[in-house]
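Coordinate-derived values only; no laboratory data. These figures come from a predicted structure and were not determined experimentally. Here the Cβ is made from the backbone with ideal geometry for all residues, glycine too, and neighbour counts use every protein chain on show.
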Amino acid sequence: MTVINSKEFISNQSKYFNLAVSEDVCIKRGRNMFYLIHKPVEKINIPEQPILEPDDDLRRAITADELLERIYDDIDKKFANRKY
């Protein structure tokens with residue numbers, strides 16, 4: 001097992017990630033210990049993200065261009081009503 005501090009890990013991340021494939025790597029930070037664990041990606045079960053169907057909130061949404069146009073209109077109105 002290799003034990004390193006967090007600064008050493010930050011400086012040489014790829015070295016320690018590669019080392020974690022063949023042996024245990026422990027990162028010590030203060031009183032805490034963190035282990036790098038090698039687990040091949042094909043064995044990790046990552047759930048697929050569901051595709052959300054459009055709903056009423058999405059139907060009411062406006063584009064960025066529409067938002068800017070409304071903001072500029074509001075700014076113009078504020079300056080037009082300004083008293084000097």
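Tabulated values for the structure
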| item | result |
| --- | --- |
| Directionally averaged shadow of the chain, computed from the convex hull of its alpha-carbon atoms, nm² | 13.8 |
| Three-way shape call for segment 1-49 based on the alpha-carbon gyration tensor, with the a/c threshold at 1.5 | prolate |
| Student exercise, the chain dipole from Lys, Arg, Asp, Glu Cβ charges, in Debye to nearest 20 | 760 |
| Sorted by Cβ density within 10 Å, fewest first, the residues Val25, Val3 | Val3, Val25 |
| Helical mean residue ellipticity (222 nm; -39500 (n - 2.57) per DSSP H run of 4+; nearest 500) of the chain | -12000 deg cm²/dmol |
| Between helix 64-80 and the chain: long-axis angle, C-alpha atoms, 0 to 90°, nearest 10 | 50 |
